[in-house]
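Read the structure below first, then the notes.
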Amino acid sequence: MQGIIPPLVTFFDENGSVDKETNFRLIDILIEKEVDGLLLLGSSGEFTSMTHQQKSDYIVHVIPYINKRVKCMVNVGSNVVEEAVDLAIKAEKAGADAVLIVNPFYWPLSEAQLIDYFSEIIQSIKIDAYLYNVPMLSSQEIPVNIIPELLERHDNLKGIKETVSDIGRYRKLIENVRPKNTEFVILTGFDDHLLPGMMIGTNGSINSTAVVFPEISVKLKKAMEQQHFEAVNRFQNLIAEAMQLYDINNSFFSTIKEAVSYRWFNGERVYHKKPFHLINANTRSEVERIVDNINRKWKED
C-alpha cells in the first residue's frame, strides 16, 4: 500500500460501544476525497483503549463496509501475540488488504524476540504485512538491521510505517533495506514528513490530519509528483498549520476526533473512551479556530 492512507478515528456511543454508523459516514467522506487507503485501529483509532472483542467486532463490520473501494490496512499489534494473530486472521478473512504490526510496549525486546514476535504474526496470514515503528509510544525502535532478515523469511512483508522525528531514519532504511528489496515501502507517520520524505524516496503517509483535511495531503502528493512547487509550498504550509491540533491535548486522537466532527458532522457530540474523555476545556474552541482558519485559506484558492 502506498499514497495517502488516513488513520481512522473510532467513534463510540455514550456507553463506550463502537458507533458503526458514524464510522461508516467518515469512511464514505474519506473515500470521496480520493484517499489511497484507510488504516483501521491505529494510534488515532484508540486501539489501546479497546477490548479485544471490540477490535474484533470493528474489523468484521468495517472492512466489509469499505468493500474494496480503497485499500484497507488494519493495525493488529498487541502485547499478547495470540491476540495479534487472532486479529490478523480476522482481518484477512474480512477482506483487508494488509495488516500493520506495532511491536509490544512496556518491556523492551531483544532483536531475536522482535523477530520472533513479528514472524509469528506475519506467517499466520497470506495478505501483506507492514511493520509499525513508533518508538515514542512503544518500548523501543525497531532496529533497521532486523528488517532484511524478516524480509528473507516472509514474502508478504512489504514495508514499514515510520513515526519518528529523525528524517535520517528514512535514509538508513533506503540504504540498508532497499538495495536488495527495491519495492520495500516506507510510509511516514508525522504529517510534516510527507513532503521531505517523498523527496528522498518514501512512498506516502499515514498521518492524522489527513482524517480532518484529506484534500490537503492528497493534493500535496499530486503536486509533488507533478512538480508544481508553488502548490507544494502552499499545501505543506497548510499541513503545518493543521498540526496545531496535536498541541491541544496529550491524547491527540481526542482532538482529531473533535475536529472530524466539527468539519464533517456539524459539530455532533463525540464520545471518548475513559480516561481520555477528560479533555482540555478549550478543546472545542481551539478546534473551531484551527479548522475555520484552514477552511478559509482553502476556499480562498
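Please find, within segment 119-144, the residue that is farthest from Ile167 (Cα to Cα) out of those that are of a type in the set (A, V, I, L, M, F, W, C) and touching a helix residue (DSSP H, G or I) at 6+ places or on another chain (Cβ under 6 Å). So that I can check it myself, show each step before the final result.
Taking segment 119-144 and keeping what is of a type in the set (A, V, I, L, M, F, W, C), we get 121-122, 125, 127, 129, 131, 134, 136-137, 142, 144.
When the remaining residues are screened for being touching a helix residue (DSSP H, G or I) at 6+ places or on another chain (Cβ under 6 Å), the result is 121, 125, 127, 129, 144.
Working: Ile121: 28, Ile125: 31, Ile127: 29, Ala129: 23, Val144: 14 Å.
Checked segment 119-144; the qualifying residue farthest from Ile167 (Cα to Cα) is Ile125.
Looking only at segment 59-84, filter to residues that are among the small types (Gly, Ala, Ser) and assigned to a loop (DSSP other than H, G, I, E, B); which one of those is surrounded by the most Cβ atoms within 10 Å (Cβ to Cβ)? So that I can check it myself, show each step before the final result.
Of the residues in segment 59-84, the ones among the small types (Gly, Ala, Ser) are 77-78, 84.
Now restrict to residues that are assigned to a loop (DSSP other than H, G, I, E, B): 77-78.
Working: Gly77: 27, Ser78: 23.
Within segment 59-84, the match that is surrounded by the most Cβ atoms within 10 Å (Cβ to Cβ) is Gly77.
Does Arg234 meet the test of being modelled with pLDDT of 90 or more and either hydroxyl-bearing (Ser, Thr, Tyr) or part of a loop (DSSP other than H, G, I, E, B) (or both)? Walk me through it before giving the result.
Numbers: modelled with pLDDT of 90 or more: yes; either hydroxyl-bearing (Ser, Thr, Tyr) or part of a loop (DSSP other than H, G, I, E, B) (or both): no.
Here the answer is no, as Arg234 does not meet what is asked.
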Q. In segment 192-210, how many residues are in contact (Cβ under 8 Å) with a residue 40 or more places away in the chain, assigned to a helix (DSSP H, G or I) and in contact with a strand residue (DSSP E or B) (Cβ under 7 Å, 6 or more places away or on another chain)?
A. 2
Q: Could you pull out the residue among Asn15, Asn23, Asn75, Asn67 that is under 27 Å from Tyr262 (Cα atoms) and touching a His at 6+ places or on another chain (Cβ under 9 Å)?
A: Asn23
Q: Spot the failing condition for Ile248; the list is (1) under 24 Å from Ser17 (Cβ atoms); (2) in contact with a Ser or Thr (Cβ under 7 Å, 6 or more places away or on another chain); (3) surrounded by 14 or more Cβ atoms within 10 Å (Cβ to Cβ), and only one is missed.
A: (1)
Q: Starting from residues that are of a type in the set (Asp, Glu) and under 21 Å from the mean Cα position of the chain (by Cα), keep the ones in segment 109-142 and report whichever is farthest from Asp155 (Cα to Cα).
A: Glu141
Q. Only one of these conditions is not met by Arg234: (1) under 22 Å from the mean Cα position of the chain (by Cα); (2) in contact (Cβ under 8 Å) with a residue 60 or more places away in the chain. Which number is it?
A. (1)
(Q) Quick test of your reading of the structure: Val35 fulfils all but one of (1) of a type outside the set (D, E, K, R); (2) closer than 24 Å to Phe265 by Cα; (3) not in a loop (DSSP other than H, G, I, E, B). Name the failing condition by number. (A) (3)
Q) What number goes with the only condition from (1) buried (at least 17 other Cβ atoms within 10 Å of the Cβ); (2) within 21 Å of Leu30 (Cβ to Cβ) that Glu268 does not pass? A) (1)
Q) For Ser56, which of the numbered conditions (1) within 22 Å of Ile256 (Cβ to Cβ); (2) part of a helix (DSSP H, G or I) fails to hold? A) (1)
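If you check Asp57 against the conditions, is it over 15 Å from the mean Cα position of the chain (by Cα) and within 21 Å of Val270 (Cα to Cα)? Show your work before the answer.
Details: over 15 Å from the mean Cα position of the chain (by Cα): yes; within 21 Å of Val270 (Cα to Cα): yes.
The answer is yes for Asp57.
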Q: Residue by residue through segment 255-269, note down the ones that are closer than 10 Å to Thr22 by Cβ and not in a helix (DSSP H, G or I).
A: Phe265, Glu268
Q.
Looking only at segment 211-229, how many residues end up being of a type in the set (A, V, I, L, M, F, W, C), in contact (Cβ under 8 Å) with a residue 12 or more places away in the chain, out of contact with any Phe, Trp or Tyr (no Cβ under 7 Å at 6 or more places or on another chain) and part of a helix (DSSP H, G or I)?
A. 4
Q | Selection count where residues are under 23 Å from Lys273 (Cα atoms), surrounded by fewer than 17 Cβ atoms within 10 Å (Cβ to Cβ) and charged (D, E, K, R), scope segment 25-53 | A | 1
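The values are calculated or read from the model by the stated rules, or taken from the named source; none is laboratory data. No experiment lies behind these values; they were computed from the predicted model shown. When we count neighbours, we look across all protein chains shown, and the Cβ atoms used for this are built from the backbone with ideal geometry, even at glycine.
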